[in-house]
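Just so it is clear, none of the values below were taken in a lab; they were calculated from the coordinates. Since the structure is predicted, the reported quantities are computational estimates derived from the model, not experimental observations. All Cβ positions, glycine included, derive from the backbone under ideal geometry; neighbour counts span all protein chains shown.
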Amino acid sequence: MSGYFSTEFFEGNRAKLRSLFRGTAPIVLTANGLSQRSGDTAYPFQQDSSFWYLTGINDPNIILVLDKDKEYFILPEQDRVQEIFDGSIETDDITKTSGIKTVLDNKTGWKQLTVRLKRVKHIATLAATPDFIPRLGMYTNPARAALIEKLKAVAPTAELLDLSPHLTRQRMVKQPEELTALQTAINITTATLKDVSKKLGKYNYEYEVEADITAGFRKRGADGHGYQPIVASDNNACTLHYMANNASLDDKKLLLMDVGAEVEHYSADITRTYTLGKPSKRIRTVHEAVNDIQNYALNQLKPGVLIKDYEQKVEHYIGEKLRELGLIKSITPETVRRYAPHSTSHFLGLDVHDVADYDRPLETNMVLTVEPGIYIPEENIGIRIEDDVLITPKGAKILSHTSRTSQPAHQLS
């Protein structure tokens, strides 16, 4: 699927970045690199979101330079064997997509850039994330760190300036093209979930559900999943990022699906929880509580709201519902987070958890999720309802309106 983003979109993003940055320092950014999967094979390539936002380029290891009135790419070194196996980089395509006319080979480009960097006091780039993020148990792509190491080597006295605050500010407010891509991804996701929900009761394993979701995304034109799909039955849903998706569905009562189709790098993020049999009164009551919390949260979102204030209000409301359910006696952050351990909203866009400044008030054309959940491991109950919303002058507009309240195989409401 293509056609949402024109050359003018990427040219405009670069111009906007220059206006926000205001400095005269050269801007030097890198594409992501490939990551090893096993032996001599790599994981499917995923471009650095900010690099794509400025260029539209999906090739790895390319350097972007914005320097006064000049802008150019530096290509990676590529030998004949790499070209045979991976294909050569098509410079005409790069120019056509990005609008950047100067594309230099690695040796020529770095020679030109080095001469310039040795004369400046500052260089603007994107700060590297740590090699390893302990709370996520995840290693990060090394491309930014490698670029910074090289910049320090060629210009050891220059100070590096971090562009992250400027690009974060820029990416938080979505442009019409971005909203179109997001809405398409959301429509594909909701249509696929609707189809899958009609077949509940016929699946024997979680992975069979995942397979149909994948097929539904692809046949409707999505590039694939925006993130690893979560298909979690009963107590598995109490592991928030459960991704094994291999349990038998025999004797299970609930099935939670947290999935999002990706369209031209923009991802939906939608969760629906369904019953696999006639729901008990307890399941109905918990589902109604989650639905009430979501409606309360939706009514709080509007321009000018600070997310931290919003989250505090929603947390207290969750506490009231947990008390009604007999799960807690007093409302404190600790008691609430025992059964509702995650925040209610995050920003959505090029990244499923998109970059954001959470101290910045909400503005029109920001896109967020609203995803309250209640998880009771001792009762094998995990229920979450997640929708994607657009901030408008009048409040939150639900973009994922189809089956918003998780219409289950057996109705919960």
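The figures follow:
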item: Value at 222 nm in deg cm²/dmol, rounded to 500, when DSSP H runs of n ≥ 4 in the chain each add -39,500 (n - 2.57); result: -11500 deg cm²/dmol
item: Cleavage-rule hits, GluC sites (Glu not before Pro), segment 326-399, DSSP coil, Cβ neighbours within 10 Å at most 16; result: Glu363
item: Given Lys16/Lys70; Lys302/Lys329; Lys278/Lys397; Lys101/Lys174; Lys70/Lys96; Lys194/Lys313, the pairs whose alpha carbons are separated by over 21 Å; result: Lys302/Lys329; Lys278/Lys397; Lys101/Lys174; Lys194/Lys313
item: At q = 0.14 Å⁻¹, base-10 log of I(q)/I(0) for the chain (Debye sum, equal scatterers on each alpha carbon); result: -1.27
item: For segment 224-278, convex hull volume per residue from C-alpha positions, Å³; result: 76
item: For the chain, size of Cβ-based charge dipole, Lys and Arg +1, Asp and Glu -1, in debye; result: 860
item: Estimated vicinal HN-Hα couplings, Hz - segment 50-67 in sequence order (Karplus 6.51, -1.76, 1.60; Gly, Pro = x); result: 5, 4, 5, 4, 8, 10, x, 9, 10, 7, x, 6, 8, 9, 10, 10, 10, 9
item: Contact order relative to length of the chain, as percent, for alpha carbon pairs under 8 angstrom and 6 or more apart; result: 14
item: Sparse-neighbourhood loop sites, trypsin sites (Lys or Arg not before Pro) in segment 272-339 - DSSP loop, at most 11 other Cβ within 10 angstrom; result: Lys329
item: HN-Hα J in Hz across segment 228-235 - Karplus 6.51, -1.76, 1.60, θ = phi - 60°, x for Gly and Pro; result: 4, x, 10, 10, 10, 9, 6, 5
item: Simple Cβ-charge dipole of segment 7-170, Lys/Arg +1 and Asp/Glu -1, about Cα centre, in debye nearest 20; result: 860
item: Long-range tail of P(r) for segment 7-170 (Cα pairs > 28 Å, %); result: 20
item: Within segment 72-169, trypsin sites (Lys or Arg not before Pro) in DSSP loop having at most 14 other beta-carbon neighbours inside 10 Å; result: Lys101, Lys118, Arg119, Lys121, Arg135
